Amino acid sequence: MKITINNAGKRFNYEWVLKNIRYTFESGNAYAVLGPNGSGKSTLLRMIAGLLAPSTGTIIYEEANHPIEVDQIFRKLSISAPYLELVEELTLEEHFAFQQQFKPLLHQLSIADAIAITQLKPGSSKQIRNYSSGMKQRLKVALAVLSDVPMLLLDEPTTNLDEKGVAWYVDLMKKFGGDRLIIVCSNVAREYSFCSQKIEVLDFK
């Protein structure tokens, strides 16, 4: 998987959030997008995910040297972010079953395997609406990381996680990160400790 950003920028009304972005992301690498709150990290991630169109420039997607249209890129990625919601009427098992209709689980995991990995089994019969914020965050991260896709996008992945939850996230990434293209937006070192490439979003102001 390869993503090439050519002189891209994003503005809302008359305010430029990001400008002159030139960067190439490739599979087999984990990238940390760094910067203070409000600096544009999430905006960049949403542009990469195809959720926001750049105001200027282009974003080109390729897999095995074959181009992928932006309206099809959702098939190649999974994303976890605070601004994305879960279906709160579903149970844990129902959520994984729903997700599997669109994206299979990594390594042919069963739904029972995935639930065990979340360590949320005692609450598996509850509707998601009855979960704590930390439990919901575990599920968001697990749904993204355990999806069998070549690109993984994580925005502030340890939000609402306690110490035990953070250790769970770090272990999850070690076991299931693989050789995918991984992008983590964060300003907390524990969230991107495994990333070899670092990008300062303030460079694109």
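Just so it is clear, none of the values below were taken in a lab; they were calculated from the coordinates. Computed from a predicted structure; not experimentally measured. Methodologically, a virtual Cβ is constructed for each residue, glycine included, from the backbone with ideal geometry; neighbour enumeration extends over all protein chains shown.
Number of residues in region 185-205 that are outside any loop (DSSP other than H, G, I, E, B) and hydrophobic (A, V, I, L, M, F, W, C) equals 6. Among the residues of region 122-146, those identified as touching a helix residue (DSSP H, G or I) at 6+ places or on another chain (Cβ under 7 Å), free of Cβ contacts under 8 Å to residues at least 40 places away in the same chain and not in a helix (DSSP H, G or I) are SER124, TYR131.
The condition of being among the hydroxyl-bearing types (Ser, Thr, Tyr), buried (at least 17 other Cβ atoms within 10 Å of the Cβ) and closer than 30 Å to ASN6 by Cα holds for only one of SER55, SER78, that being SER78. Taken over region 150-184, the criterion of being part of a helix (DSSP H, G or I) and not aliphatic (A, V, I, L, M) is satisfied by GLU163, LYS164, GLY165, TRP168, TYR169, ASP171, LYS174, LYS175, PHE176. The helices (runs of 4 or more DSSP H) found wholly in region 2-121 and carrying at least 2 residues that are of a type outside the set (A, V, I, L, M) and closer than 27 Å to SER196 by Cβ occupy 41-48. Only a single criterion out of (1) polar (S, T, N, Q); (2) buried (at least 17 other Cβ atoms within 10 Å of the Cβ); (3) over 17 Å from the mean Cα position of the chain (by Cα) is not satisfied by ASN65, namely (2). Against the definition (within 19 Å of GLU156 (Cα to Cα), of a type outside the set (Gly, Ala, Ser) and exposed (fewer than 15 other Cβ atoms within 10 Å of the Cβ)), how does PRO36 come out, yes or no? Yes; evaluated as a whole, the condition is true for this residue.
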